[in-house]
1. Explain nothing, just the number: dipole magnitude of region 89-208 about its Cα centre with +1 on each Lys and Arg Cβ and -1 on each Asp and Glu Cβ, in debye rounded to the nearest 20.
2. Under 19 Å between alpha carbons, and skipping anything fewer than 8 positions from Lys89 in its own chain: which lysines qualify?
3. Net charge near Pro168: determine it from the other residues with C-beta under 10 Å of the C-beta of Pro168, scoring Lys and Arg +1 and Asp and Glu -1.
4. Which distance in nm do the two modelled labels at Asp29 and Ser182 give, with both placed 7 Å along the Cα-to-Cβ direction?
5. Note down the nm distance, to one decimal, between modelled labels 7 Å out along Cα→Cβ at Ile5 and at Phe57.
6. Between Thr149 and Leu78, how high is the FRET efficiency from 1/(1 + (r/R0)^6) when r is the Cβ-Cβ distance and R₀ = 35 Å? Nearest 0.05.
7. Just how much of Arg163 is accessible, in Å², when a 1.4 Å probe is used and the result is rounded to the nearest 10?
8. Give, as a single signed number, the net charge of other residues whose beta carbon lies under 10 Å from the beta carbon of Leu79, with Lys and Arg counted +1 and Asp and Glu -1.
Amino acid sequence: MDLSILKQALIEGDDQTVAELTRRALNEDHSAETILNDALISGMEKVGELFEQGEYFVPELLLAARAMQGAMEVLRPLLAASDYQPTGKVVMGTVQGDLHDIGKKLVAMMLEGSGFEVIDLGADVPPERFVEAVEESGAQLVGLSALLTTTLPAMEATVSALRETELPTQVRIMIGGAPVTSRFAQDIGADGYAPDASNAVALARRLVAPD
Ligand code: B1M
């Protein structure tokens, strides 16, 4: 099967076809990673371009996002399958004011797949909820996602709230999302930045490794 058909179905926001073609591509021996990168993520990039060009509006974004989430449910067991032993506990969420959660879910899935226990707080998460979750769980790592330039200040506020609270364990913070850079991570006092899900896994492993 040519993965461009799946990509096109995602761009059109046709959730049933996207789920069916994702299953078919797996049956035809495309790997979960190839399907994700070459059809789904690249399809979402195209959706973003169409939005920027004024050809797509929020309803089209929502349809594409719903189709992507359906495909991710199909891929989830394969992306999460792994031989690794539990590596650490991580609290994840998209920061306050930001509803974009597809990339964050992907990072959470890949972290689960590499042996992390993930406490996923969802999207639009206020700083104090991150603090509470770390207090309750004793997680060593927090992962923050933001997709809007306007929610970068909420990321900074969350890092400050975590740094200002006396926590049971010393917590490391990693951040990511399209408008985030490693420079921004340094500026706000996060411990690291990852540009995508696989780099996020490598970074998370480094951050929880004993010094
Ligand atoms: Co919106 N949106 N959106 N959107 N949306 C973007 C982000 C945008 C770039 C589109 C555009 O203009 N080209 C633009 C932001 C511009 C900016 O601020 N610079 C934008 C806008 C403007 C908006 C609204 C303001 C639109 C409006 O209402 N006028 C609005 C805001 C709502 C809000 O959040 N308060 C809005 C709404 C939405 C929907 C709700 C309709 C929907 C989200 C649905 C959902 O997530 N459940 C949506 C979507 C789908 C998009 C695009 C098209 C796709 C995002 C996506 O899922 N990408 C997006 C355009 C684009 O990105 N090309 C866009 C696929 C995903 C796998 O990638 O999330 O980047 P990504 O995650 C990557 C990396 O960034 C990284 O790893 C992931 C996997 O590789 N990563 C991390 C992410 N988090 C990480 C954390 C880490 C490490 C790595 O460590 C913890």
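The values are calculated or read from the model by the stated rules, or taken from the named source; none is laboratory data. Owing to the predicted nature of the structure, the values given are computational and were not obtained by experimental measurement. Methodologically, a virtual Cβ is constructed for each residue, glycine included, from the backbone with ideal geometry; neighbour enumeration extends over all protein chains shown. Side chains are part of the model used for accessible areas, which takes the heavy atoms of the whole protein and leaves out ligands, DNA and RNA. Shrake-Rupley method; radii C 1.70, N 1.55, O 1.52, S 1.80 Å.
1. In total the dipole reaches around 440 debye.
2. Counting by Cα, and skipping residues close in sequence, Lys89 has these lysines nearby: Lys104, Lys105.
3. Net local charge, Pro168 excluded: -3.
4. If labels sit at Asp29 and Ser182, their model points lie 3.8 nm apart.
5. Once both label points are built, they end up 3.2 nm from each other.
6. Computed FRET efficiency for Thr149 and Leu78 comes out at 0.55.
7. Answer for Arg163: close to 110 Å² accessible.
8. After counting each charged neighbour, the total is -1.
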